[in-house]
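Working notes, structure below.
The values are calculated or read from the model by the stated rules, or taken from the named source; none is laboratory data. Quick caveat, the model's predicted, so the values are computed rather than measured. In this analysis, Cβ positions are derived from the backbone assuming ideal geometry, glycine residues included, and neighbour counts consider all displayed protein chains. Protein only, heavy atoms only, side chains kept; ligands, DNA and RNA dropped before computing areas. Shrake-Rupley method; radii C 1.70, N 1.55, O 1.52, S 1.80 Å.
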Amino acid sequence: MDKKKKRKRLTEKSSESSEPSTSSQMSEAESKGISCVSMKSDSSKFQPVNFRAETLKCEVSEERSHCSVCKEDLKDPVLFMCGHQSCKQCVSFYWDQNDPPVDHLCHDCEVNSPNNTENRGDVINLKTKKNLKKAMQEKFSLTSEGNGDQESSLKSIFTALFITNRESEGPHEEHPLRHIERKLKKQQSYDDSVSLSDIFKSLPGQEKPHRTVLTKGVAGIGKSFAVQKFILDWSEEETNQDIDFVFCLAFRELNLSRGEKSLHQLLTEFHPVLCDLKDSENYIKSKMIVILDGLDESRLQLDFDKNKVVKSVSEVTSVSNLLVNLIQGNLLPDAHLWITSRPAASSQIPAKYVDMVTEIRGFSDLQKEEYFRRRFSHDSSLAARIISHVQSSQSLHIMCQIPIFCWISAVLFEEVFRGDEKDDIPQTLTEMMAHFVFVQTKRRSRKYDKTTEENKEKPLKTYREFLLKLGKLAFVHLQKNNLIFYEEDLEDCGIDINEASIYSGFCNAVLREEKIFSQKKVFFFVHLTVQEFFAALFVFDCLTYNNTTDLSDFLNLKNKERTLLALLKMTVDKVIERKNGHLDFFLRFLLGLMVEPNRRVLHGLLTSPDQSQDTDKKILTYLKSIRRKTLSPDNFINLFQAMVEMRDHKVKDEIQEYLKLSDRSKTELTPLHCSALAYMLQVSKDDLEVLDLKSYNTSDEGRRRLIPAVMISRKVLLADCRMTSDWIEYLTFALKFSYSALRVLDLSNSDLKDSGVEQLCSGLSNQCCRLETLRLSGCHVTETGCRHLASALKSNPSHLKDLDLSYNNPGVSGEKLLTELKNDPQYKLSILNTDHGGSHRMKPGIKKYGCELTLDPRATQKNILLSERYRKVTWVEEGQPHSQQQTDHFPQVLCEQGLVGRCYWEVEVFGYLSIGVKYRDTEKNVKMDDFKFGHNERSWSLVCSSGDFHVQHNSEKVYVSSLGWRSSRVGVFLDWPAGTLSFYRVSSDSLIHLHTFKATFTEPLYPAAELHPQSSALFCKPR
């Protein structure tokens, strides 16, 4: 082994050194002959050396008691020829000589020797590493869970978080509670889990470790706690001891770093112990991890397209440019990079610079219980009572999957259940947050004002001005989506820094303050939901007093006085117009505060509106009246939840009764009912086995509002539905969703087109997708769409087994491309249906299934005439006029073609007649009634007359509207495999649906017509 390699071991961790040796004790009795212990074993291979001999180059100083390497007290000292001593463990990092240390200089002397500078960097690295670990331990060993007054050991309060290498995605930026509502109570398989300490370890089959890992997680889920635990474990030499340095750069602090600087200067600004690492070689030869924590808190502009390339740690540039070059790998290309962020902000990092995406999930039910039992280990009955209440409240049960809400619940219910609070238990989220503010205010008053005031309103009145200033701060920055505030932000809202310090006891639990480098201060609410509630408090106060100065920009107000109801309507409209939904919970809280029971504990802070105006009832009516088709289904779900927050449970109760029905087909659902149903299905404990939108008795708008329920359904049937880009967006989200139960998806007859297929394939290609069956029959898919599907299958080959592309136009090349994948054993695809293809399948709607029919020329009944190449049948009189009294049965004529697929045809009708389909009768002895069209189980008909239109099967009539019937053409669509038969009225530019029969067809069906006197039917080619 050459000298350079031997000395490189200086950078290795002490935990990886050989087993500890027996200590060499130094005493006065041994001072005449100190032994030199070999680094190769626990006993010396050499004879004891007499250090008073003439060969000793330097006399040992009795005052020297510190290691020449680590500079700390000596442990198991080893003596060098220069007279310096080192800890045996420190020497073991780099010493690999066969001769004794006494024949060599120590590292201090060797490094400073003018003839040898090779090892100086190793010594500097070792010293810096030990200092950095010590600094990290001091910074992260103690932390505050939520109350800044009480610091606890990080390890004592840290509950292991579930981290998965599968990410969940949403249709837009999601609020943390909305994200949790998406079935996060079901934990992913542990096969997908990643240990916190192994986040940079290679996955099975991976040649080299990841360079850049992006970890997503909603606000309050524990991202920063995970970072702190990772660093603490490294600094205490429990994990990742192959890493030399771990640097942590929090964006909330990076926002305050001013001016241009080098990467070394930036790192030193955050970690002053790095000042000795001035040589770029110190960075290049070290293994390091750089953590960029809280990307969502960044106010820096990260431009990955027009950045200046920087490759040297000593080159000066802007902080944002340093970060971009670090992420791109221009700076520290061999270093690991760990970025944490809320999901919405993570899109700032281009995917090509990220090697793996992980996601931190919320507490499971067991972890929630563990949290409360551990926190209240001194009072098990209190813990049990809180757990029981959390489990009984659906909204609270969902919220507590976010760890910070477990803490909020613990703080609140400890006060409530211990009898100090005699009020009722909070029933809504608004009431819970109101109690939280009240409890924190009362605690501050007890602790700092030394009062035991029984008047509940007095503490709130005392702090009213300050609390509303906090509300203004929350509202102003909520609009900008800012979560982090600085001193100037507080001053802009009228909050003096000294004033904030005076109320520090309250701020620690609501608005946290942290000192960062250079003793600068940063402020933030303990959770986004707390910020939203304070924003609602401020706006409620403004609206109540008609003080709209601070709301003029938000509501685009002009110098015109408006009523409270008008201002509330404007606020509702403003919030629901925003597509990202980041003000949804603010709106819930604001509307919730309109109801007196929700704000009863805040009487000293808020003034009640004029009750005679019934503003709360009128705004409820307004919410129920909103019908805008431009709003997303999630917008309507949020409006429904706002109604529940206002304690209006009528719609919710009606849906709960609806879900109890065994036969729901006859119960009509309004669009609002559908929004409530979609939400309640999403938060239910069980997945929905089948979601068939056509089975719900509602309008097209109602079905649109049900679409979010696809994420909790195993089988989704959307055939014949009018697909829009919004629908496809939800389907794509469901395919990417880690907890999605979706296994079968039927989009047949939806005119998806290649563009829709491309959008859908972004979900199919995701590793979270577990879809097994995809039916795209009759969806206008061409060769281009086939290429998208093939690409998605190549990215995610392990799940899709059945692909139906019948009634499309894949072309020869498209069919060949997918057939090759079907025949390749590495793909699961085993069933591929491309039947009935061709360019004629590109017509819109059901007209793509158009077929030409001809009547059976063997028809020999009296009073009928076949013409126009057997496509028309006409009633003709023979002899005396026909009388219905003569017989109860009229002549029927069947088409030659027996149908078993999807077929659409049109019929020009004249006079009184019936058209439809039937099985071909072969029995000779059939009762006369069985021949009547629609009077038996073997035929289905539409009866057309001058004043009576109805459908009929097995003698059961269903009347259909004849209003506006000016056309004489009727359309019939048979989907034999799906078991549906539909009748339409054909106008010049559209089809008006009349009725759909549902049945299980067992034989080929024959189109037919039953004529009455003076009638005719022409089976014509669809327009």
Select from the stretch 803-840 the residues that are farther than 15 Å from Arg775 by Cα and part of a loop (DSSP other than H, G, I, E, B) and write down the one among them that is least open to solvent (accessible area, probe 1.4 Å). Gly838
Top-ranked residue of the stretch 705-720 - restricted to ones that are small (Gly, Ala, Ser) and not in a helix (DSSP H, G or I), ranked as farthest from the chain's Cα centre (by Cα): Ala719
Within 30 Å of the chain's Cα centre (by Cα), under 16 Å from Ala474 (Cα atoms) and among the acidic types (Asp, Glu), is that true of Asp573? no
On the given criteria, is Gly934 in a loop (DSSP other than H, G, I, E, B), modelled with pLDDT of 85 or more and open to solvent by less than 70 Å² (accessible area, probe 1.4 Å)? yes
So Asn598, is it touching a Gly at 6+ places or on another chain (Cβ under 8 Å) and modelled with pLDDT of 90 or more: yes
Which number in (1) more than 28 Å from Leu263 (Cα to Cα); (2) surrounded by fewer than 18 Cβ atoms within 10 Å (Cβ to Cβ) marks the one condition that Ser409 misses? (2)
The one condition in (1) free of Cβ contacts under 8 Å to residues at least 60 places away in the same chain; (2) within 30 Å of Thr670 (Cα to Cα) that Thr563 fails to fulfil: (2)
Scanning the stretch 739-757 for residues that are surrounded by fewer than 20 Cβ atoms within 10 Å (Cβ to Cβ), touching a residue at least 60 places away in the same chain (Cβ under 8 Å) and more than 18 Å from the chain's Cα centre (by Cα) gives Asp751
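So that you can scan it fast, the table gives a plain yes or no per residue for (1) in contact with a strand residue (DSSP E or B) (Cβ under 7 Å, 6 or more places away or on another chain); (2) of a type in the set (Gly, Ala, Ser):
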site	(1), (2)
Val690	yes, no
Val710	yes, no
Leu717	yes, no
Tyr730	no, no
Ser750	no, yes
The stretch 657-667, residues that are at pLDDT 90 or above and among the polar types (S, T, N, Q): Thr667
For the subset of the stretch 662-704 comprising residues that are in a loop (DSSP other than H, G, I, E, B) and without any contact (Cβ under 8 Å) to a residue 24 or more places away in the chain, which member is least open to solvent (accessible area, probe 1.4 Å)? Asp663
I need a count of the residues in the stretch 758-787 that are under 16 Å from Glu820 (Cβ atoms) and surrounded by fewer than 21 Cβ atoms within 10 Å (Cβ to Cβ). 2
Does the stretch 544-561 hold any residues that are hydroxyl-bearing (Ser, Thr, Tyr) and loosely packed, with under 15 Cβ neighbours inside 10 Å, and which are they? Tyr545, Thr549, Ser552
Consider the stretch 771-817. How many of its residues are more than 33 Å from the chain's Cα centre (by Cα) and within 15 Å of Ala719 (Cβ to Cβ)? 3
Just one of (1) touching a residue at least 60 places away in the same chain (Cβ under 8 Å); (2) within 23 Å of Met433 (Cα to Cα); (3) buried (at least 17 other Cβ atoms within 10 Å of the Cβ); (4) under 24 Å from the mean Cα position of the chain (by Cα) trips up Gln394, so point out which. (3)
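Listed residues Val972, Val960, Val986; which is modelled with pLDDT of 95 or more and either surrounded by fewer than 22 Cβ atoms within 10 Å (Cβ to Cβ) or not basic (Lys, Arg) (or both)?
After ruling out the rest, the residue left standing is Val972.
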(1) within 25 Å of Ser695 (Cβ to Cβ); (2) in contact (Cβ under 8 Å) with a residue 60 or more places away in the chain: which one isn't true of Pro1013, the others all being true? (1)
If the requirement is being free of Cβ contacts under 8 Å to residues at least 40 places away in the same chain, in a helix (DSSP H, G or I) and open to solvent by less than 40 Å² (accessible area, probe 1.4 Å), which of these qualifies: Lys368, Lys352? Lys368
Find the residue count for the stretch 230-243, including only residues that are of a type outside the set (Val, Ile, Thr) and open to solvent by 10 Å² or more (accessible area, probe 1.4 Å). 7
Residue among Val218, Val227 that alone is in a loop (DSSP other than H, G, I, E, B), closer than 30 Å to Ser409 by Cα and either open to solvent by less than 10 Å² (accessible area, probe 1.4 Å) or in contact with a helix residue (DSSP H, G or I) (Cβ under 9 Å, 6 or more places away or on another chain) (or both): Val218
Is it the case, given these coordinates, that Arg418 is at pLDDT below 80 and open to solvent by less than 10 Å² (accessible area, probe 1.4 Å)? no
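Considering only residues of the stretch 562-580 that are assigned to a loop (DSSP other than H, G, I, E, B) and under 13 Å from Thr544 (Cα atoms), which is most open to solvent (accessible area, probe 1.4 Å)?
Step one: list which residues in the stretch 562-580 are assigned to a loop (DSSP other than H, G, I, E, B), which gives 562-563, 578-580.
Of the ones still in play, those that are also under 13 Å from Thr544 (Cα atoms) are 562-563.
Working: Arg562: 61, Thr563: 88 Å².
Looking at residues that are assigned to a loop (DSSP other than H, G, I, E, B) and under 13 Å from Thr544 (Cα atoms), I get Thr563.
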Name the pairs: first residue in the stretch 848-876 and within 30 Å of Val781 (Cβ to Cβ), second residue open to solvent by 40 Å² or more (accessible area, probe 1.4 Å) and modelled with pLDDT under 90, Cβ to Cβ under 6 Å, at least 6 apart or on different chains? Glu852/Lys1021
Could you tell me whether any residue of the stretch 290-300 is assigned to a loop (DSSP other than H, G, I, E, B), open to solvent by 30 Å² or more (accessible area, probe 1.4 Å) and under 28 Å from Gly220 (Cα atoms)? yes
For the subset of the stretch 333-349 comprising residues that are open to solvent by 20 Å² or more (accessible area, probe 1.4 Å) and modelled with pLDDT of 90 or more, which member is nearest to the chain's Cα centre (by Cα)? His336
So which residues in the stretch 610-636 are within 30 Å of Tyr730 (Cβ to Cβ) and among the charged types (D, E, K, R), if there are any at all? Lys624, Arg627, Arg628, Lys629, Asp634
A careful count of residues in the stretch 601-631 that are in contact with an Asp or Glu (Cβ under 8 Å, 6 or more places away or on another chain), part of a helix (DSSP H, G or I) and touching a residue at least 40 places away in the same chain (Cβ under 8 Å) gives 1
Within the stretch 735-742, does at least one residue satisfy the condition of being part of a helix (DSSP H, G or I) and touching a Leu at 6+ places or on another chain (Cβ under 9 Å)? yes
Just name the residue that is surrounded by the fewest Cβ atoms within 10 Å (Cβ to Cβ) out of those in the stretch 610-635 that are modelled with pLDDT under 90 and within 25 Å of Ala434 (Cα to Cα). Ser612
